[in-house]
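Undergrad: Have a look at this one before I ask anything.
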Ligand SMILES: Nc1nc2c(ncn2[C@@H]2O[C@H](COP(=O)(O)OP(=O)(O)OP(=O)(O)O)[C@@H](O)[C@H]2O)c(=O)[nH]1
Ligand SMILES: [Mg+2]
C-alpha cells in the first residue's frame, strides 16, 4: 500500500478515539504496518510513537480538568453509591440544585458540587458517578472517583435499598481496598435510600447490624423523608460546632470541636486576635449572660461571643 494512502487510513482509524482506546489502536497499527526503521514507513512509525505520548498527556489533563472540584466551605462530603442509588436525587433535594436524574445507570458522569445548609453552615457535597465492584482496580473510572473521595473530608455511602445488599457490601469492599476505610475513620456515614419501598425497612435493619460502627439513617430521597435526622447525623460527622458572634446573630460560624475563644477571633480576623483582651460569653452554655473568659476558654455549640479589644 502506498504510504500516503496508509497515512490517510490511519487517520481514519484514529478519528473519534480518545485516551486508552486511541493508544490501543495506535499500537495495533504499529504492529500491522511494515517494520521499516527509515523511509516513509519509518517516519509514520515515529509519528505514531509520538502520538501515543501526546494522547497520554492529553487524556491526563482532560481527566484532571473534569474531575477536580475545588473544596469550598468548612467541610466537603462526597456521595458514594452504586449507579442509580439516588445520589443526584438526594443532592437536588438537599440543595435545590437541578442535576440530571434518570432511571438508568451512569446518568452522572463527572463530579458535580452543591451547597447544603445545616445549622446555618454551608457544606459542599459532591455528587459522583456510581461506583461498581472493581473500582479500586479502576473499573468504571473507579480510580478517579476514589481520588475525589480521598481528597474529601467525609463520605456518604448511599445504599440503594431496592437492590441486593451485596452491592452495598461491594462498595464498602472497594473503599476498604483503597485504604479509605482507615483514612476516613469516623467520617463515613451509611444512608439507606428508597426506604418507602417494600422490604426496604428489613434490608436497612440488616445493613445497620452489619455496619453498626457507622452512623446510619434510612431516607427516601424521592419523598424527602427523614431529612432532619440525616442532616443531624451529617453535622455530627463533621466534628464541628457552630457559634455566633455577638455582632451577627444571623450567620453562625463553624469551628472544630474544642476550639477556643482565640481560635474564634482568628477565624473572624487576624487583627481581632492580635488585639484580643478578653471575651464575654452569652447563650445557653454561659454560667451567666456576659460571663468573662480568657483566650483559652473552650467554646461550646451555640455560644454567643463578644470579643473585647
Ligand atoms: N422509589 C424511589 N426512587 C428513587 C428514590 N430516589 C431516587 N429514586 C429514583 O432512582 C433513579 C436514579 O436516581 P438518580 O438520582 O439519577 O441516581 P444516581 O445515583 O444519581 O444515579 P447515577 O448518576 O446513574 O449513578 C431515578 O429514577 C430516581 O427517581 C427514592 O427515594 N425512592
Ligand atoms: Mg447521578
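Undergrad: If each residue of separation counts as 0.36 nm, what is the full-extension length gain between residue 9 and residue 50 once their alpha-carbon separation is subtracted? Write down the numbers at each step before the final one.
TA: Numbers: separation 41, 0.36 × 41 = 14.76 nm, distance 1.78 nm.
Between residue 9 and residue 50, full extension yields an extra 13.0 nm.
Undergrad: Let me ask you something else. With r as the distance between the Cβ atoms of residue 150 and residue 287 and R0 = 41 Å, compute the FRET efficiency 1/(1 + (r/R0)^6) and round to 0.05.
TA: 0.40
Undergrad: So what's the Cα pair-distance distribution over the chain, bin width 20 Å, in %?
TA: 27, 40, 25, 8, 1
Undergrad: Another question about this same structure. Dividing the convex hull volume of the alpha carbon atoms of segment 1-159 by its residue count, what do you get in Å³ per residue?
TA: Dividing the Cα hull volume of segment 1-159 by its residue count gives 135 Å³.
Undergrad: If you take every DSSP beta bridge fully contained in the chain, what fraction is antiparallel? Give it as a percent rounded to 5.
TA: Taking every DSSP beta bridge with both residues in the chain, the antiparallel ones total about 50 percent.
Undergrad: Taking square-rooted eigenvalues a ≥ b ≥ c of the alpha carbon gyration tensor, is segment 190-244 rounded, prolate or oblate, where a/c under 1.5 means rounded and, failing that, a/b exceeding b/c means prolate?
TA: oblate
Undergrad: Tell me, how many Å apart are the Cα centres for segment 201-279 and for segment 70-122?
TA: Segment 201-279 and segment 70-122 have Cα centres spaced 18 Å from each other.
Undergrad: How many percent of DSSP beta bridges within segment 76-238 run antiparallel, rounded to 5?
TA: The answer is about 30 percent antiparallel.
Undergrad: Further question on the same structure: Quick one: which of 4-15, 75-86, 257-268 comes out on top by average Cβ neighbours within 10 Å, and what's the full order, highest first?
TA: Packing proxy ranking, top to bottom: 75-86, 257-268, 4-15.
Undergrad: Place a point 7 Å from the Cα of residue 196 along the Cα-to-Cβ direction; which residues of segment 98-114 have their backbone N under 20 Å from it?
TA: Counting backbone N atoms under 20 Å from the label point, the list is 98-104.
Undergrad: Let me ask something else about it. Take segment 3-67, compute every pairwise Cα distance, and split them into 10 Å bins from 0; I just need the percent in each bin.
TA: 21, 51, 22, 7, 0
Undergrad: Another question about this same structure. So what is the calculated 222 nm ellipticity per residue for the chain, using -39500 (n - 2.57) for each DSSP H run with n of 4 or more, over all residues, to the nearest 500 deg cm²/dmol?
TA: Helices in the chain give a 222 nm mean residue ellipticity of -12500 deg cm²/dmol.
Undergrad: While we're looking at this one, here's another question. Contour minus end-to-end for residue 250 and residue 58, with contour as 0.36 nm per residue of separation and end-to-end as the Cα-Cα distance?
TA: Fully extending the segment from residue 250 to residue 58 adds 64.4 nm.
Undergrad: Follow-up question, since we're still on this one. Between residue 170 and residue 35, what's the calculated FRET efficiency when r is the beta-carbon distance and R0 is 45 Å? Round to 0.05.
TA: Approximately 0.50, to the nearest 0.05.
Undergrad: Quick check: pseudo-label points 7 Å beyond the Cα along Cα→Cβ at residue 143 and residue 309, how many nm apart are they?
TA: Between residue 143 and residue 309, the simple spin-label model gives 5.1 nm.
Undergrad: Between residue 24 and residue 185, 0.36 nm times their residue separation minus their Cα-Cα distance comes to what? The partial results should precede the final answer.
TA: Working: separation 161, 0.36 × 161 = 57.96 nm, distance 3.96 nm.
Here the answer is 54.0 nm.
Undergrad: Once you've got the GNM for the chain with C-alpha springs shorter than 10 Å, pick whichever of 278, 269, 297 has the biggest mean-square fluctuation.
TA: With Cα springs under 10 Å in the chain, the top fluctuation among 278, 269, 297 is at 269.
Undergrad: Estimate the FRET efficiency between residue 208 and residue 119 by the formula 1/(1 + (r/R0)^6), using the beta-carbon distance for r and 22 Å for R0, to the nearest 0.05.
TA: With a Förster radius of 22 Å, E is 0.30.
Undergrad: Right, next: Could you give the radius of gyration (one decimal) and Dmax (whole number) of the Cα atoms in segment 76-238, in Å?
TA: Rg and Dmax of segment 76-238, Cα atoms, are 14.1, 39 Å.
Quick note: the coordinates plus some simple rules give every number you see, no bench work behind them. Since the structure is predicted, the reported quantities are computational estimates derived from the model, not experimental observations. When we count neighbours, we look across all protein chains shown, and the Cβ atoms used for this are built from the backbone with ideal geometry, even at glycine.
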